[in-house]
Amino acid sequence: MTISRRKFLGWFGGGLSATAVSAAGTAMAGGNHHFEGHPDTMGVLHDISRCIGCRKCEEACNRVNELPKPEKPFDDLSVLDKKRRTHASYYTVVNRFEVDSKPVFVKKQCNHCMEPACASACFVRAFQKTPNGPVVYDESVCVGCRYCMIACPFNIPAYEYDDALSPAVTKCTLCAPRIQKGQLPGCVESCPKEALIFGNRKQLIKIARERINKYPERYIDHIYGEHEMGGTSWLYISNVAFSKIGMREDLGTTSAPQLTSGPLAAVPIVVGLWPVLLTGIYAISQRKDKVAAEEQAEAVASAKAAADEEMKQQIAGVKKQAAKEKEAAIKKEVKKALEAAAKEAEEKNAEAPEKKEE
Amino acid sequence: MEQTSRISLRPLITPFNMILGIIIAMGCIITILRFTGGLAAVTHLDDNNPWGIWIGFDLLCGVALAAGGYTTSAACYIFGLKRFHAAVRPAILTAFLGYALVVLALHYDVGRPWRLPFPIFWQQGTTSLLFEVGLCVFLYLSVLFVEFTPAAFEWLGFSKIRAFIVKLTLVLTILGVVLSTLHQSSLGALYTIVPSKLHPLWYSGYLPVYFFVSSIFAGLSMVIFEGSLAHKYLHHKMDETHIKEAHGVILGFGKSASFIMAGYLAIKIIGLSVDNNWHYLFTDYGAWFLIELIGFVALPSFVYAIGVREKNIRLIQWTSLWTVFGIVLNRFNVSLIAFNWQLSSAERYFPGWMEIAISLFIVAIGIVAYRLATHFLPILHEHPEYQAH
């Protein structure tokens, strides 16, 4: 047996952090791990300043994902008059915003977070962040609770509300099957203005940074998605403030799994502490009852004893009194009798001389 | 003998029963619509608002208001407050029915209800707070079922197995408290993942604590409220012990609820200070927040205290209803009213009438089940062969 103390503690710590990671699915404050995302993850850089709102990406998305044909054809740009979001029948939309009376077009789809809220929130692990980038969804296990839609900070997953028997959550797949075959995502391939670039996420950040540095007067100095909600595979650079084109800038940089790691960490505390504490409280209350019962019994016993004693004394007193009274009565009677006898004798004596004189 | 004859003479067709009947008939029709036309056919849910009143009311309120089960049994069996014994069985029954109905309601809400066992038996998403909720609700429903069985066994005359279950009381009660602590709090913790969607006045790292603590006084208030209804309408089913202990239960529970609500108020204020959200109080949402906190926590807590001091049973009973409304308001605020507060009003959710009808349908089933159970089983009275006293 040559287990050193250090080795033992190492195993122990390893076990602990493994539990921590499996419990929260990500690095937690307590463990000494920090997950920075899969290293070779792919992504897309969307240069918003280059987008012309032609909806070619929407058309390609519809085609490669075999989605139902829309009411209005994709070259009908009147669709842009209304702000849209992703939907069961379209995984990506282009929206038009007026900023300083100039139109700005923004493409919207799943951002494929580095640490996705949907995957963290799903109670049946239907979502998975694959190491090469896409966040994929497995319909075969989905219960349809829609917590993923609640959890998503970008409001991306949609639901087939009108399907009665097999409704599914829908969202962009980053064309995972196409990537597997070495093809580009449908939208990237079809973009005529190179507003979308597919590549290694680290490379994309470099490209984005270069563009911002090269044209500082054109771009806002921010790569949207580099840190938002722990970072996303889709990255955006823009010539107008993101908040003006429907992209929230107040999401923070904390990833979704980290937001819930605190409450999850409470589980072992509750499970560990409550039974011990409650059993203790039960034991104390039992003991209190027992002590109270004993004290009561004792009190009753001593009260009874005291009462008995008192009773005895009283009886003795009464007896004594009675004896005394009896004695006194006897004495009195004796005295009375004696007196009566004496009187009689006296009377007899007095009568006798009278008789003698006769 | 006299009692039974009185029961059988009670008329079945009363206005109340007719309303129940109409609601249940309507619920059956909407059930068919729901499972043939999908959620879109009966709800106003959409992609931005995936959770409506079936979650906000049926799940969140249902679970909170069924908390009487663990609070009452813990008070009686763990803390040794035996004078509350008569309240345990009705509380366990309500909790069991409550949780069973929550699970029933979920069958309407989730897309593929036949897959509800998946997260427990097939593939576990342990990183999800909803997994914690699901697992604990499943386990706790089982615990409640076992805790409820002695009443049924007494009725059926299975005295041996009843005696065995009764021996498990302490273990079951502790298990009930552990599981309730976990899922009551994790229902609040569900929303810790959405700081960007829930209004800052309701979003807090303390959400799990808020939900757990408020479930305690929700459960206590529900026991008082439901007890007062039972006394009004099911008095003939009660035995002497139950009636004798009822006032003690109301006073004791009212007092506890008052204290716990005061504590809840304090941690709400701490939460407000920790996140430094005071400035939001001067907005519209702030006014609404204050209505909830003062009008439905601080005031009822105070009125409970007055009721207990003056031994005013009716005041305590009315306050319990007031508190129950407060809980419903809080759960609605978190799940519906303050949720998605940044979306435009056109993008917000308002329940469709059929959603409301299904929620009423679930409540109606609960009332019928409660009445059937209290009619046949020794709930409000002790079985003559198994008296504890």
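The values are calculated or read from the model by the stated rules, or taken from the named source; none is laboratory data. Model, not experiment: these values are computed from the prediction. When we count neighbours, we look across all protein chains shown, and the Cβ atoms used for this are built from the backbone with ideal geometry, even at glycine. What goes into the accessible areas is simple: the full protein's heavy atoms, side chains included, and nothing from ligands, DNA or RNA. Shrake-Rupley method; radii C 1.70, N 1.55, O 1.52, S 1.80 Å.
Quick look at the values:
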| read-out | value |
| --- | --- |
| Test: A:P257 is in contact with a helix residue (DSSP H, G or I) (Cβ under 9 Å, 6 or more places away or on another chain), open to solvent by less than 80 Å² (accessible area, probe 1.4 Å) and in a helix (DSSP H, G or I) | yes |
| Residue count, the stretch B:153-195 (criterion: touching a Gly at 6+ places or on another chain (Cβ under 8 Å) and open to solvent by 10 Å² or more (accessible area, probe 1.4 Å)) | 1 |
| Selection count, the stretch A:84-135, where residues are under 25 Å from the mean Cα position of the chain (by Cα), β-branched (V, I, T) and surrounded by fewer than 20 Cβ atoms within 10 Å (Cβ to Cβ) | 0 |
| Only one of B:L20, B:L81, B:L45 that is of a type in the set (A, V, I, L, M, F, W, C) and surrounded by 22 or more Cβ atoms within 10 Å (Cβ to Cβ) | B:L45 |
| Qualifying residues in the stretch B:10-40 (those that are over 26 Å from B:H235 (Cα atoms), touching a residue at least 40 places away in the same chain (Cβ under 8 Å) and among the aliphatic types (A, V, I, L, M)) - the one farthest from the other protein chains (Cβ to nearest Cβ) | B:M26 |
| Qualifying residue in the stretch A:103-126 (condition: out of contact with any Phe, Trp or Tyr (no Cβ under 6 Å at 6 or more places or on another chain), without any contact (Cβ under 8 Å) to a residue 24 or more places away in the chain and closer than 25 Å to A:Y224 by Cβ) | no |
| Any pair with Cβ under 6 angstrom, 6 or more apart, that starts in the stretch A:75-102 at a residue that is modelled with pLDDT of 90 or more and ends at one that is β-branched (V, I, T) | A:R84/A:V93; A:T86/A:I156; A:A88/A:T170; A:N95/A:V106; A:F97/A:V104; A:F97/A:I245; A:V99/A:V240 |
| Condition met for B:F361 (out of contact with any helix residue (DSSP H, G or I) (no Cβ under 7 Å at 6 or more places or on another chain) and farther than 20 Å from B:I250 by Cβ) | no |
| Of all residues in the stretch A:148-160 being open to solvent by less than 10 Å² (accessible area, probe 1.4 Å) and out of contact with any Pro (no Cβ under 8 Å at 6 or more places or on another chain), the one that is farthest from A:R84 (Cα to Cα) | A:A151 |
| Filtered residues of the stretch A:267-321 (kept if open to solvent by 60 Å² or more (accessible area, probe 1.4 Å), within 11 Å of another protein chain (Cβ to nearest Cβ) and over 18 Å from B:C76 (Cβ atoms)) | A:P268, A:I269, A:V271, A:L273, A:V276 |
| Subset of the stretch B:345-373 [under 20 Å from B:M26 (Cα atoms), surrounded by fewer than 16 Cβ atoms within 10 Å (Cβ to Cβ) and charged (D, E, K, R)] | none |
| Members of the stretch B:93-136 found to be closer than 23 Å to B:V42 by Cα, facing chain A (nearest Cβ under 7 Å) and assigned to a helix (DSSP H, G or I), listed by number | B:R115 |
| Tally of residues being open to solvent by 20 Å² or more (accessible area, probe 1.4 Å) and assigned to a helix (DSSP H, G or I) across the stretch A:229-248 | 3 |
| Options A:F123, A:F74, A:F97; residue that is in a strand (DSSP E or B) and either closer than 25 Å to A:Q183 by Cα or of a type outside the set (V, I, T) (or both) | A:F97 |
| Single unsatisfied condition, B:V213 versus (1) of a type outside the set (S, T, Y); (2) at pLDDT 95 or above; (3) open to solvent by less than 10 Å² (accessible area, probe 1.4 Å) | (3) |
| Filter result for the condition that a residue is surrounded by 10 or more Cβ atoms within 10 Å (Cβ to Cβ) and within 10 Å of chain B (Cβ to nearest Cβ), over A:L338, A:L264 | A:L264 |
| From B:E147, B:E240, residue being open to solvent by 10 Å² or more (accessible area, probe 1.4 Å), away from chain A (no Cβ under 14 Å) and touching a Leu at 6+ places or on another chain (Cβ under 6 Å) | B:E147 |
| Wholly enclosed helices (runs of 4 or more DSSP H) of the stretch B:267-350 bearing at least 2 residues within 20 Å of the chain's Cα centre (by Cα) | B:299-309, B:313-332 |
| Which numbered condition B:G134 misses (of (1) free of Cβ contacts under 8 Å to residues at least 40 places away in the same chain; (2) surrounded by fewer than 24 Cβ atoms within 10 Å (Cβ to Cβ)) | (2) |
| Subset tally (residues that are of a type in the set (A, V, I, L, M), open to solvent by less than 40 Å² (accessible area, probe 1.4 Å) and assigned to a loop (DSSP other than H, G, I, E, B)) for the stretch A:43-68 | 1 |
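One line per residue, one yes/no per condition, for (1) away from every other protein chain (no Cβ under 13 Å); (2) assigned to a helix (DSSP H, G or I); (3) modelled with pLDDT of 95 or more; (4) out of contact with any His (no Cβ under 8 Å at 6 or more places or on another chain):
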residue: B:L45; (1), (2), (3), (4): no, no, no, yes
residue: B:G69; (1), (2), (3), (4): yes, yes, no, yes
residue: B:Y77; (1), (2), (3), (4): no, yes, no, yes
residue: B:A91; (1), (2), (3), (4): yes, yes, no, yes
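Here's the yes/no breakdown for (1) open to solvent by 50 Å² or more (accessible area, probe 1.4 Å); (2) at pLDDT below 95; (3) part of a helix (DSSP H, G or I); (4) not hydroxyl-bearing (S, T, Y):
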position: A:D162; (1), (2), (3), (4): yes, yes, no, yes
position: A:L165; (1), (2), (3), (4): yes, yes, no, yes
position: A:R178; (1), (2), (3), (4): no, yes, yes, yes
position: A:Q183; (1), (2), (3), (4): yes, yes, no, yes
position: A:E189; (1), (2), (3), (4): yes, yes, yes, yes
position: A:P192; (1), (2), (3), (4): yes, yes, no, yes
position: A:G199; (1), (2), (3), (4): no, yes, no, yes
position: A:Q203; (1), (2), (3), (4): yes, yes, yes, yes
position: A:R218; (1), (2), (3), (4): yes, yes, no, yes
